[in-house]
Amino acid sequence: MPQALECSEGCWAWMVLLASVVTQGLTLGFPTCVGIFFTELQREFQASNSETSWFPSILTAMLHAGGPLCSILVGRFGCRATVMLGGVLASLGMVAGSFCCTLGQLYLTAGFVTGLGMCFNFQSSITVLGLYFTCWRVLANALASAGVSLGIMLWPLLSRSLLEGLGWRGSFLIFGGVLRCCVCGAILRPVPASVTPETRDGLPPPSKRPARGCPAARGRAIQRHLAFDVLRHNVGYRVYTLGVVWMIMGFPLPHVFLVSYAIWHGVDEHRAALLISIIGFSIIFLRPMAGLVAGRWDFASHRNYLFSLAALLNGLTNLACAASADFRVLVAYCLVYSVSMSSIGALLFQVLMDIVPMDRFSSALGLFTVLESISILISPPLAGLLLDTTSNFSYVFYMSSFFLISAALFMGGSFWALGKMERQGPQAEVQGAVTEAAPEHGLTMEDTDGPKKQLRVEIMYVTSV
């Protein structure tokens, strides 16, 4: 295989960055346009809201849940082959979905297969940036995330035009050609082993031929990709994972139901589709700004609280959306929602990096995304069931607000309590040390004239050791 790089940040690295931008726009931006087809699919298959909601939920869940499998494929075959495989799967899934006669077939093809293929695409495109960039890695990731914003802005407009001209089946057939990221994968030339992440971080590379049938080997493989030990012993990681999993129960609902909600209240279909594009256009500018703020050193110790505040703002804006469906109100909602969404996106993995040691971050991220995908899977169908029961879209946004606000309060309160315990821990150790030392030096409470003298004794004892 040809060796791509003699040193990092070479000329070809910027071509790889461009391929990553396109890949992330095609994959991560795609689920936001599924809401455009929601009413049409519901009419085509004579299905309820809950039944139709399983399609976007399966698609988005697989986009996250396939992370551990993707990391195995990248380690075995490389990023280029994994992206090409993902492009083929995503394309075949959408083409097969255009010929589906039942919702069950749509779940399997355009949902499961396409979602898994897009997972291989976007996660490999993120991984390869870490191989090609060192000094400019932060800038490369920030520029690559702009592809997601462009995708969120352009996919709804393209979907609306194709739906009117070709119907949903023709649109899915066209998507099958657009989502084939094989050209982007071909750009990701192999990187020399000397610059792989394992070598850079001082970690031994994974064995090419693990011992099969050995329980210890299987346990190490599971621990490598799913950090259950971190979940058991790291309280901060446990709190954050539980809070995010609960938050995700409400976070994706506006992407699925906002267009249908606007149309249900009499907004023109073109203007309703424009709402998602407004969110995407705003994120292009807001996401880098949120990243710059989150990256400042003076905010480093408060990023967990900023994340909780962003989730709280997101939940409150959904309440405003449920209160009025006027188009001007919905536009204002999209702008404010973009602020909170950009903040959540910029802080989501940064807070995880602050909580988990970097040598376990990869495995902690794998477990984090798998648990997150469970919420993504059940959230839209649960909201669809609520919609079928009440026949009122406002309750969907009330449901979204409940999960977001309660998760924000839980995480904020838990982080505050954990911080208080950490601050009290060293004080208790110092006081205990002084109490043990007092009899040795003949000191009692009567030996001190006041708190100031007692404090002086504590400091002398600690510094002397």
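The values are calculated or read from the model by the stated rules, or taken from the named source; none is laboratory data. Because the structure is predicted, anything quoted here is derived from the model rather than measured. Glycine also receives a Cβ, built like all others from the backbone with ideal geometry; neighbour counts cover every protein chain displayed. Side chains are part of the model used for accessible areas, which takes the heavy atoms of the whole protein and leaves out ligands, DNA and RNA. Shrake-Rupley method; radii C 1.70, N 1.55, O 1.52, S 1.80 Å.
For the stretch 29-50, check the following and say yes or no: at least one residue is under 25 Å from LEU367 (Cα atoms), aliphatic (A, V, I, L, M) and either open to solvent by 30 Å² or more (accessible area, probe 1.4 Å) or in contact with a Leu (Cβ under 8 Å, 6 or more places away or on another chain) (or both). So far as the stretch 29-50 goes, no, none of its residues is under 25 Å from LEU367 (Cα atoms), aliphatic (A, V, I, L, M) and either open to solvent by 30 Å² or more (accessible area, probe 1.4 Å) or in contact with a Leu (Cβ under 8 Å, 6 or more places away or on another chain) (or both).
Given the criteria among the hydrophobic types (A, V, I, L, M, F, W, C) and open to solvent by 10 Å² or more (accessible area, probe 1.4 Å), does LEU108 qualify? Write out each step before concluding.
Numbers: among the hydrophobic types (A, V, I, L, M, F, W, C): yes; open to solvent by 10 Å² or more (accessible area, probe 1.4 Å): yes.
The answer is yes for LEU108.
Looking at ALA90, ALA96, just one residue is crowded, with 22+ Cβ neighbours inside 10 Å, assigned by the TED database to the domain that holds LEU41, small (Gly, Ala, Ser) and in a helix (DSSP H, G or I), and that residue is ALA90. In the stretch 118-138 there is no residue that is at pLDDT 90 or above and open to solvent by 10 Å² or more (accessible area, probe 1.4 Å).
Residue selection: LEU352 satisfies the criterion of being within 30 Å of HIS233 (Cα to Cα) and open to solvent by less than 50 Å² (accessible area, probe 1.4 Å). What about PHE403, is it touching a Cys at 6+ places or on another chain (Cβ under 7 Å) and in a helix (DSSP H, G or I)? No, not satisfied.
Counting only helices (runs of 4 or more DSSP H) that fall entirely inside the stretch 253-335 and contain at least 1 residues that are free of Cβ contacts under 8 Å to residues at least 60 places away in the same chain and farther than 28 Å from ILE378 by Cα, the qualifying elements are 269-294, 303-323.
Here is a check on your reading of the model: is PHE55 of a type in the set (Phe, Trp, Tyr) and in contact (Cβ under 8 Å) with a residue 60 or more places away in the chain? Criteria not met by PHE55.
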